[in-house]
Each structure stands twice: as C-alpha cells, then as structure tokens.
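Enquirer: Below is one structure. I have some questions about it.
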Amino acid sequence: MVYDKLGRMTQRTEAEGTSTWTYDTKSKGIGKPAVITGPNGYKKELSYDALGRVSSST
C-alpha cells in the first residue's frame with residue numbers, strides 16, 4: 001500500500017491488480033477521493049456538494 005503525505009491511501013496492489021485513489025486538489029477542495037481506479041478498467045468519479053456529501057458518482 002502507498003500513502004500520501006496526509007496519510008491517505010493512494011495505491012493498493014492485490015492479486016487482481018492495482019487500485020489507485022486520486023484526491024480533490026482544488027484550492028477550495030475538501031480532500032476527498034475524486035477518482036478511484038481499479039483492475040479490469042474499473043473507474044469511479046465522485047463529486048461532492050457544499051456539505052461534503054457525494055452529489056454524483058459515475
């Protein structure tokens with residue numbers, strides 16, 4: 001497992017392959033996962049509302 005300087009997991013390797021987490025880095029971002037990718041082409045993009053709740057997931 002790989003972590004960033006804030007202690008958040010950014011990469012995990014398992015038998016099926018490697019998963020990665022990319023976090024919101026906008027100047028007024030909230031530091032939550034923005035994109036999660038995994039083995040076999042899995043990709044999930046997340047957006048958040050002003051209260052930090054997931055507002056969309058694709």
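Enquirer: With the requirement that a residue be surrounded by 15 or more Cβ atoms within 10 Å (Cβ to Cβ) and closer than 13 Å to THR58 by Cα, what does segment 38-48 give you?
Expert: The answer is LEU46, TYR48.
Enquirer: If you go through segment 17-35 one residue at a time, do you hit one that is loosely packed, with under 12 Cβ neighbours inside 10 Å, farther than 23 Å from MET1 by Cβ and touching a Ser or Thr at 6+ places or on another chain (Cβ under 7 Å)?
Expert: No, segment 17-35 contains no residue that is loosely packed, with under 12 Cβ neighbours inside 10 Å, farther than 23 Å from MET1 by Cβ and touching a Ser or Thr at 6+ places or on another chain (Cβ under 7 Å).
Enquirer: If you don't mind, another one. In segment 11-37, what count of residues is obtained for those that are in contact with an Asp or Glu (Cβ under 8 Å, 6 or more places away or on another chain) and not aliphatic (A, V, I, L, M)?
Expert: Total satisfying the criteria: 4.
Enquirer: Any residue in segment 33-53 that is among the charged types (D, E, K, R) sitting within a Cβ distance under 8 Å of a residue that is outside any strand (DSSP E or B)? List the pairs, counting only those 6 or more apart or interchain.
Expert: LYS44/THR58; GLU45/THR58
Values in this text are rule-based calculations from the coordinates and carry no lab data. Keep in mind the model is a prediction, meaning the values are calculated, not measured. Quick reminder, even Gly has a Cβ in these numbers, built from the backbone with ideal geometry, and neighbours come from all protein chains shown.
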